[in-house]
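Report on the structure given below.
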Amino acid sequence: MERNLKNVLIISFGFLLLFTAYGGLQSLQSSLNSEEGLGVASLSVLYAALILSSMFLPPILIKKLGCKWTIAISMCCYIAFSLGNFYASWYTLIPTSVILGLGGAPLWSAKCTYLTIAGTSYAEKAGKNAKDIINQYFGVFFLVFQSSGIWGNLISSLILSQSSTKVEISEEDLECCGAHNCLTDTTNTTGSAKPSNSLIYTLLGVYTASGVLAVLLVIIFLDQIKSDQAETEKEKLDAPSFWSTFLATFRHLKDKRQCLLIPLTMYSGFEQGFLSGDYTKVYVTCALGIQYVGYVMICFAAVNSLCSLLFGKISQFTGRKLLFALATVTNTACIIALLLWKPHPKQLAVFFVFPALWGLSDAVWQTQTNGLYGILFEKHKEAAFANYRLWESLGFVIAFGYSTKLQAYIKLYILLSVLVLSMVTYAAVEYLEAKSSPGTPTATKKENGRPRSQETCM
């Protein structure tokens, strides 16, 4: 096997093992560690740490340690979070959430840098177009990586469904489920009774082992990038460049279009935060039991992945405006339905319809918003995507931060309000673009031809 492709596969399967564990744990936090809102508080802290990490750590660690060891050490930060869940408390989960958040940005930046250098190196040797090889490598990576959402949630559901304590849910208990949920901890009063410690430890043991395997895979089999290959990339990460990029992130807010895109970018964090932090707890766990969370999130991950691929193909014919409209209508319909629906175990199929539709909408928010940033700010991509990370992470922080303080119907109204505001400001951006280039259609082809690697690395 060609050496660079071997390294791509090692990174891909390393991330698959790592995020099989983290993805499954994230989906369970609001249900598994519901006491005093510990689970969602840890996620809020995690994304706050991720914001700080994105601003400071990646250039420093990649320059000092190289890509291979930055990836390996950052993966250990994710393992720390799994270990913190063994004895979940404010003194274990919050610190390990900070550690994971600090390791998140260097992990992704090092992965992007490694694959880019590997693709460029192979293209030079083979006399091929570097852009094509890089896109091919990132395509392989995401083909493997995106299935992690399925495997992590499947593991949790299979293990937690082994519980021998099946609690019958009364109609009175079900009154605490749904949009008008009780703010008290319903996990102790309904069929979502917490699984036994032995099952929880088994699950966490599997997740921790998966993370350890990821680290060992990278340390043992991943080749270190040669210094001459990485020299160009390291020069980009020197101190002056780092500080200029850091300052450019905030200078970029002088661009009116960037300011107008803030609500849309934050909405991405809000809607993902609601699904993983609120829908899983007050609808699924409350009415069905924690063992169903994994199955529901598998549905979301599968539809999200398929629609991301589909929309990437059809957007060249439909344009991004129509796809944004589709996502808006779909999300709005889901929010209204969730406000009206009273979850009941007899309506099992309905519990899967919502994450499926949510996955369809999220596929649009992720692919088209990334593409929009790439088109609008082509000359300032680093600053633009730094802002994207900043505002989306802030959306996560806020969504998880108020998760335990407000009833679900209030959060749904907030979600709907942010969505409406997002579409108003997005329309303003499109108007400004049309006004600045009259007679020129929006660069749809250019947007859809944008490498996935650029969208993800920035």
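General remarks:
- Whole-Å semi-axes of the ellipsoid equivalent to segment 248-434 (Cα gyration tensor, √5λ, descending): 30, 18, 14
- For segment 248-434, the solvent-accessible area works out to 37 Å² per residue, with a probe of 1.4 Å and every protein chain left in place.
- Amide H contacts for ASN181 (H built 1.01 Å from N in the peptide plane; partners 5 or more residues away or on another chain; cut-off under 5 Å): ALA408, TYR409.
- Accessible surface of the chain, 1.4 Å probe, proportion on carbon and sulfur as whole %: 66
- For the chain, the longest principal axis of the C-alpha atoms and the axis of helix 197-221 are separated by about 10°.
- If you sort LYS379, LYS128 by accessible surface, 1.4 Å probe, largest first, the order is LYS379, LYS128.
- For the chain, the Stokes-Einstein estimate of translational diffusion at 37 °C and a viscosity of 0.692 mPa s comes to 145 µm²/s, using the Kirkwood hydrodynamic radius over alpha-carbon pairs.
- In this structure segment 38-98 gives 39 Å² per residue of accessible area when probed at 1.4 Å with all protein chains present.
- Around the Cα centre of the chain, unit charges on the Cβ atoms of Lys, Arg, Asp and Glu (plus for the first two, minus for the last two) sum to a dipole of about 1180 debye.
- The angle between the Cα long axis of helix 408-436 and the longest principal axis of the Cα atoms of the chain comes to about 20 degrees, rounded to the nearest 10.
- Axis of helix 38-84 versus longest Cα principal axis of the chain: the two differ by about 20°, to the nearest ten degrees.
- In Å², nearest 10: area of HIS380 left accessible to a 1.4 Å probe: 110
- Accessible area (Å², 1.4 Å probe, nearest 10) - SER31: 10
- Each Lys and Arg adds +1 at its Cβ and each Asp and Glu adds -1 at its Cβ; summed about the Cα centre, segment 248-434 shows a dipole of about 120 debye.
- Relative packing of 130-138, 66-74, which averages over residues the other C-beta atoms within 10 Å, highest first: 66-74, 130-138
- Ordered from largest to smallest accessible area (heavy atoms of protein chains, 1.4 Å probe), the residues TRP90, TRP365, TRP391 come out as TRP90, TRP391, TRP365.
The values are calculated or read from the model by the stated rules, or taken from the named source; none is laboratory data. These numbers come from a predicted model, not from an experiment. We place every Cβ from the backbone using ideal geometry, glycine too, and count neighbours over all the protein chains shown. For accessibility, only protein heavy atoms count, side chains too; no ligands or nucleic acids. Shrake-Rupley method; radii C 1.70, N 1.55, O 1.52, S 1.80 Å.
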